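First the structure, in the form of structure tokens, and then the observations on it.
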Amino acid sequence: KKDFQIGDILIPYYCKIIDEGTSQHYKIKGEIKPDEKLFNQLKDIFIKSDINTGAGDWWTTDGFYRETKNDIKKYSDKGILGVDMETSAMYKLGMYRKVSICNLLIVSDELHKEWKYDTSSKNFQTNYLKVINLISSWILN
């Protein structure tokens, strides 16, 4: 989504678009989503932080750099917050193994215009350290 830039935080919820091959190996019925308690805890921590944070529906694909402009527009129009390569498989694995899982992602590239990748930007580097500190504090408390 255009509301999020490199260095912002995204917390995937319901995996609506599953365009990868790993999830099919975990035969679980129902919606593919994170552990609800963990999702809410992470969302609460990061919404209260000074990092721009979003949580919402998700697209997972295993095609490297294969997000077409048409797909991006179509899925964005359906309310998809972001895209990655692991979330649906991680959530399905968690459901299958009965392990609490919730992904938290730092935006590393933007697809809403021309592709832009920049993990060396000040915003990405600063927020990366903030994420480590916030997660560490949460775990230790």
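The values are calculated or read from the model by the stated rules, or taken from the named source; none is laboratory data. Predicted model only: the values in this text are computed from it and were never measured. Because the Cβ atoms are built from the backbone with ideal geometry, glycine has one as well, and the counts that use them run over all protein chains shown. Accessible surface areas use protein heavy atoms only, side chains included; no ligands, DNA or RNA. Shrake-Rupley method; radii C 1.70, N 1.55, O 1.52, S 1.80 Å.
Given the criterion more than 22 Å from Val99 (Cα to Cα), part of a helix (DSSP H, G or I) and hydrophobic (A, V, I, L, M, F, W, C), identify the matching residue among Ile80, Ile72, Ile6.
Ile72
Can you spot a residue in region 54-69 that is over 17 Å from Ile11 (Cβ atoms), of a type outside the set (Ser, Thr, Tyr) and assigned to a helix (DSSP H, G or I)? Steps first, please.
Within region 54-69, the subset over 17 Å from Ile11 (Cβ atoms) is 61-69.
From what's left, of a type outside the set (Ser, Thr, Tyr): 62-64, 66-67, 69.
Retained after the next criterion (residues that are assigned to a helix (DSSP H, G or I)): 69.
Yes; the residues of region 54-69 include at least one that is over 17 Å from Ile11 (Cβ atoms), of a type outside the set (Ser, Thr, Tyr) and assigned to a helix (DSSP H, G or I).
Being over 14 Å from Ile45 (Cβ atoms) and either open to solvent by 40 Å² or more (accessible area, probe 1.4 Å) or of a type in the set (D, E, K, R) (or both) is the filter here, so list the residues in region 120-141 that pass it.
The answer is Ser120, Lys122, Asn123, Gln125, Thr126, Tyr128, Leu129.
Can you name the number of the only condition in (1) surrounded by 15 or more Cβ atoms within 10 Å (Cβ to Cβ); (2) at pLDDT below 90; (3) touching a strand residue (DSSP E or B) at 6+ places or on another chain (Cβ under 6 Å) that Thr53 fails?
(2)
Select from region 9-27 the residues that are open to solvent by less than 50 Å² (accessible area, probe 1.4 Å) and assigned to a loop (DSSP other than H, G, I, E, B) and list them in ascending order.
The answer is Glu20, Gly21.
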